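Here's the structure we're looking at; comments come further down.
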Amino acid sequence: MDISFLGGPLPQRGVGVVAPFDFALDRELWRWVPDDVSLHLTRTPFVPVEVSLDLARLVSEHETLSEGVRTLNAIAPEVIAYACTSGSFVGGIAGERAMCEAMTRAGAVPSITTSGALLEALAELRVRRVALVTPYTVSVTRALEEYVAEAGTVVTGCAFMGLTRHIWKVPYRDVADMARQAVRHAADALFISCTNLPTYDVIPQLEAELRIPVLSANQVTMWAALRRLGTRAVGPYQALIDPAARGGAALPEVPDVPEQEQQ
């Protein structure tokens, strides 16, 4: 059978992703990616440490990141993303910048991190006051607050879950409950931290309810990486990736997420 008429596959542009060893949401990252872009994921080596500041430091050591980038060089991605929030804010703004420099040296392509992408997104939306939701313990949460404050953004509220493992199993309803707690005081946006916390389907629902932009770790990571390629992230009505959703525009009705998708 002659299949030459198919002509494909279509050319693909690549985004290399270095993720912590326990990252479980590969499929969520893909949901923001257009059809002509491929994600190429690699993971840092396993260490027997629960989610904590110690783990954040271990999975963000420059040699660890550089080795991850080198495993991706053969497939020539056009940009490298480090998909870990705590690992990229634990050293403050200077530490985040140094991480990007280390990855760029190892891969010879532009590099971004989740926490750097967060600050880029806050600037894009002109956010001066932000509320935070995290799955972390108090010490890791405080480190995020300090990172955001260092960048000049006021934290108006914060809610955290105190988890040290299995963060990817948190259901959407718990994320939404924490979001409502965090925004009791006026904020220009809400940020939901941790690339291992599921957020994709809950973002448009929370934006419709809270009437402010809702950002998440995986969302800002993919948005910033794709921006480096000169293309846009895809997804349902979200202020960060859809300009029509900004500026207090009326938000659409959002259907309930089926229970099986919340698990």
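The values are calculated or read from the model by the stated rules, or taken from the named source; none is laboratory data. Keep in mind it's a predicted model, so treat the numbers as computed, not measured. With ideal geometry, Cβ positions are generated from the backbone for all residues, glycine too; neighbour counts draw on all protein chains shown. To get the accessible areas, we keep the full protein, side chains included, count just its heavy atoms, and leave off ligands, DNA and RNA. Shrake-Rupley method; radii C 1.70, N 1.55, O 1.52, S 1.80 Å.
Could you please give the count of residues in the stretch 142-156 that are assigned to a helix (DSSP H, G or I) and over 16 Å from the mean Cα position of the chain (by Cα)?
Here the count works out to 6.
Between a residue in the stretch 80-98 that is free of Cβ contacts under 8 Å to residues at least 60 places away in the same chain and on the phi < 0 side of the Ramachandran plot and any residue that is open to solvent by less than 30 Å² (accessible area, probe 1.4 Å) and of a type in the set (D, E), which pairs come within a Cβ distance under 7 Å, given they are 6 or more apart or on different chains?
S88/E96; F89/E96
Would you confirm, using the coordinates I've provided, whether V37 is touching a residue at least 12 places away in the same chain (Cβ under 8 Å) and out of contact with any Gly (no Cβ under 8 Å at 6 or more places or on another chain)?
The answer is no for V37.
Yes/no per residue for (1) more than 22 Å from V33 (Cα to Cα); (2) open to solvent by 20 Å² or more (accessible area, probe 1.4 Å); (3) among the polar types (S, T, N, Q); (4) part of a helix (DSSP H, G or I):
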{"residue": "C158", "(1), (2), (3), (4)": "yes, yes, no, no"}
{"residue": "T164", "(1), (2), (3), (4)": "yes, yes, yes, no"}
{"residue": "W168", "(1), (2), (3), (4)": "no, yes, no, yes"}
{"residue": "V175", "(1), (2), (3), (4)": "yes, no, no, yes"}
{"residue": "E209", "(1), (2), (3), (4)": "yes, yes, no, yes"}
{"residue": "T221", "(1), (2), (3), (4)": "no, no, yes, yes"}
{"residue": "R227", "(1), (2), (3), (4)": "no, yes, no, yes"}
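Give all pairs with beta carbons closer than 7 Å in which a residue from the stretch 161-186 that is over 27 Å from F21 (Cα atoms) meets a residue that is small (G, A, S); count only pairs at least 6 apart in sequence or on separate chains.
So the pair list comes out as Q181/A159; A182/A131; A182/G157; A182/A159; V183/A131; V183/G157; R184/G157; H185/G157.
Let me confirm something: among G247, G235, which residue is surrounded by fewer than 17 Cβ atoms within 10 Å (Cβ to Cβ), within 29 Å of I112 (Cα to Cα), of a type in the set (G, A, S) and modelled with pLDDT under 95?
Checking each option against the conditions leaves just G247.
Checking the conditions here, which among E145, E120, E150 is within 18 Å of C194 (Cα to Cα), in contact (Cβ under 8 Å) with a residue 24 or more places away in the chain and acidic (D, E)?
E120
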